[in-house]
Amino acid sequence: MSKLRYERPVIKKLETGMPNKFGSRTEYEPVTQIDGVSVKSLISEYGSPLFVLSEKTIRSSIRKAKKAFETRYPRVQFAWSYKTNYLNAVCSIFHQEGSWAEVVSGFEYDKAIKLGVDGRKIIFNGPDKSEEDLTKAINNDSLIHIDHLDELYTITELAETLKKRPRVAIRVNMDTGVYPMWDRFGFNYENGQAWDALNKIMHSGKMELVGLHCHIGTFMLSASAYGIAASKLAELAIAVEQKFNHEIKYIDLGGGFPSRNTLKGSFLPGSDTNPSFDDFAEAITTALVNSNFRKERLPLLILETGRAMIDDAGFLLGTVVSNKRSSTGRRNTILDIGVNILFTAFWYDHRITPAQTFTHYTEDTCLYGPLCMNIDVIRESTTLPLLNKGEHVVIHNVGAYNMTQWMQFITLRPNVILIDLDEKPHLIRSREALENIISMERTPEHLSNIG
């Protein structure tokens with residue numbers, strides 16, 4: 001029989017009744033497998049750190065969202081937000097589930113086209129669309145969401161040159177009671193900019209105005225704000241119909257729905273407090289059906305939610321590098337996961353669990369990454385059992401933005417795997433190697449010899 005690990009005695013005060021300001025007693029269960037696949041076997045085969053995505057969870061999330069909206073509104077279309085996670089395997093899952101593509105750059109547009117997405121099912125957002133990008137979008141009959149007047153005038157000129165009528169919408173920013181208000185993108189509702197842009201489009205006769213779009217914020221914790229946004233877009237659409245006898249075919253409420261993550265500074269965990277798909281669906285669809293649209297002229301409702309669809313499907317597996325004490329005696333644990341690959345550590349208090357059994361002694365711990373920079377902090381403070389060098393952890397809800405905002409800094413970016421519905425892992429992005437980095441470098445001849 002193997003020798004049991006020594007566990008030093010400790011006296012802890014037990015609290016009963018309601019939690020105090022420090023929370024309730026913390027209990028842990030090790031996370032030893034993901035979708036039936038052992039964490040240790042994944043690390044053994046694919047290395048550490050390692051991103052793991054669950055196809056089962058992705059498909060479950062999109063189906064829950066569709067059910068929430070389609071049971072409340074007759075015409076709904078989801079569009080996958082490429083900037084949230086544009087790995088080909090991830091995008092393909094959403095497209096198989098019926099989602100269109102929502103892109104915000106020429107790079108993302110080309111990625112969608114290369115994946116085989118029909119140009120008519122690509123929504124092109126963003127403030128920086130080059131003439132080359134716009135030309136491709138017009139020729140492919142994609143939906144172009146106009147962000148500013150300079151873009152509107154460019155599209156007008158291209159329409160004349162290409163002898164085509166681009167399908168366009170405008171992005172509208174507005175006061176929904178959530179502050180600070182996002183007014184950097186699009187045309188403002190309250191000061192008349194949006195109505196002015198709509199009039200310019202209709203009077204030009206060069207474009208086909210098909211929709212209205214807004215994206216009121218990110219990680220939104222107020223479902224009612226979306227109801228206000230839907231009402232204001234409905235008012236604009238009805239005003240266009242009354243003045244120009246022209247039907248707005250769709251209203252696009254953008255994204256911004258939160259995942260189950262907990263924002264830094266939150267008193268309660270996000271899994272308990274963040275609004276659900278049903279909450280957002282109720283607010284948005286109620287606003288639309290209660291507007292003055294005629295029953296037979298209800299517009300298509302488009303939703304571009306990204307984070308809420310993918311965040312909970314992502315895991316980041318890592319290994320303990322070392323333990324040490326700070327000058328104040330606080331326990332510091334260093335992982336092989338840095339903020340260069342876990343960018344959302346700056347936003348969230350990610351749930352972190354051990355990947356093996358452990359003793360019941362816990363201690364307030366600061367989790368650092370391996371980078372030589374003081375801001376490389378994965379969690380400033382979390383209660384964890386003692387983790388020894390070589391043991392593993394699982395960081396939860398990391399599927400959104402980390403694989404698009406990560407960067408090669410000091411360490412290289414790791415493997416990404418997808419566990420399919422049959423509990424089989426697939427490598428969907430290989431780890432970087434030195435050759436990947438230096439292959440893009442060019443050294444002048446006079447610097448090629450350092451001897």
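All told, Ile450 falls short of being of a type in the set (Val, Ile, Thr) and either closer than 23 Å to Pro49 by Cα or surrounded by 12 or more Cβ atoms within 10 Å (Cβ to Cβ) (or both).
Output the residue which, of all residues in region 290-349 that are of a type in the set (Ser, Thr, Tyr) and closer than 23 Å to Gly255 by Cβ, is surrounded by the most Cβ atoms within 10 Å (Cβ to Cβ). Checking each candidate, the answer is Thr305.
Checking Arg379, Arg413 one by one, the residue that is in a loop (DSSP other than H, G, I, E, B) and either of a type in the set (Lys, Arg) or under 15 Å from Asp349 (Cβ atoms) (or both) is Arg413 and no other.
Of the residues making up region 209-245, those that are in contact with a Pro (Cβ under 7 Å, 6 or more places away or on another chain), free of Cβ contacts under 8 Å to residues at least 60 places away in the same chain and either under 19 Å from Leu300 (Cα atoms) or surrounded by fewer than 18 Cβ atoms within 10 Å (Cβ to Cβ) (or both) number 1. Within region 26-63, the set of residues being assigned by TED's automatic domain parsing to the domain that holds Ile337, polar (S, T, N, Q) and in a helix (DSSP H, G or I) comprises Ser41, Ser44. The number of residues in region 382-401 that are in a strand (DSSP E or B) and not hydroxyl-bearing (Ser, Thr, Tyr) comes to 7.
Taking (1) assigned by TED's automatic domain parsing to the domain that holds Ala229; (2) of a type outside the set (A, V, I, L, M); (3) within 18 Å of Phe51 (Cβ to Cβ) in turn, Phe343 satisfies each apart from (1).
So is Ile146 over 26 Å from Leu53 (Cβ atoms), in contact (Cβ under 8 Å) with a residue 12 or more places away in the chain, buried (at least 24 other Cβ atoms within 10 Å of the Cβ) and more than 20 Å from the chain's Cα centre (by Cα) or not? The answer is yes for Ile146.
For region 157-185, the set of residues classified as surrounded by 17 or more Cβ atoms within 10 Å (Cβ to Cβ) and among the β-branched types (Val, Ile, Thr) consists of Val168, Ile170, Val172, Thr176, Val178, listed by residue number. Would you say Ile284 is in contact (Cβ under 8 Å) with a residue 24 or more places away in the chain, among the β-branched types (Val, Ile, Thr) and farther than 30 Å from Ser44 by Cα? Yes. The requirement of being surrounded by 20 or more Cβ atoms within 10 Å (Cβ to Cβ), of a type outside the set (S, T, N, Q), modelled with pLDDT under 95 and not in a loop (DSSP other than H, G, I, E, B) is not satisfied by Leu418. For the structure I just gave you, tell me whether Ala400 is among the aliphatic types (A, V, I, L, M), surrounded by 14 or more Cβ atoms within 10 Å (Cβ to Cβ) and under 29 Å from the mean Cα position of the chain (by Cα). Spelling it out, Ala400 is indeed among the aliphatic types (A, V, I, L, M), surrounded by 14 or more Cβ atoms within 10 Å (Cβ to Cβ) and under 29 Å from the mean Cα position of the chain (by Cα). For Ala355, the criteria (1) farther than 14 Å from Pro49 by Cα; (2) surrounded by 21 or more Cβ atoms within 10 Å (Cβ to Cβ); (3) over 23 Å from the mean Cα position of the chain (by Cα) hold in every case but one, which is (1).
All of Glu363, Glu391 fail the test of being charged (D, E, K, R), over 25 Å from the mean Cα position of the chain (by Cα) and within 17 Å of Ile337 (Cβ to Cβ), apart from Glu391. The residues of region 287-316 that are more than 18 Å from Phe78 (Cα to Cα) and part of a strand (DSSP E or B), listed by number, are Gly314, Phe315, Leu316.
Within region 392-441, the set of residues being of a type in the set (S, T, N, Q) and over 25 Å from Val321 (Cβ atoms) comprises Thr404, Ser439.
Checked across region 259-270, the condition of being part of a helix (DSSP H, G or I) and either of a type outside the set (A, V, I, L, M) or free of Cβ contacts under 8 Å to residues at least 60 places away in the same chain (or both) holds for at least one residue.
Does region 399-418 include one or more residues that are over 30 Å from Asp376 (Cβ atoms) and either in the same structural domain as Pro258 (by TED's automatic domain parsing) or out of contact with any Cys (no Cβ under 6 Å at 6 or more places or on another chain) (or both)? Scanning region 399-418 turns up no residue that is over 30 Å from Asp376 (Cβ atoms) and either in the same structural domain as Pro258 (by TED's automatic domain parsing) or out of contact with any Cys (no Cβ under 6 Å at 6 or more places or on another chain) (or both).
The values are calculated or read from the model by the stated rules, or taken from the named source; none is laboratory data. Treat the numbers as computed from the prediction; the structure is a model and nothing was measured. So basically every Cβ, Gly included, is an ideal-geometry build from the backbone, and we count neighbours across all protein chains shown.
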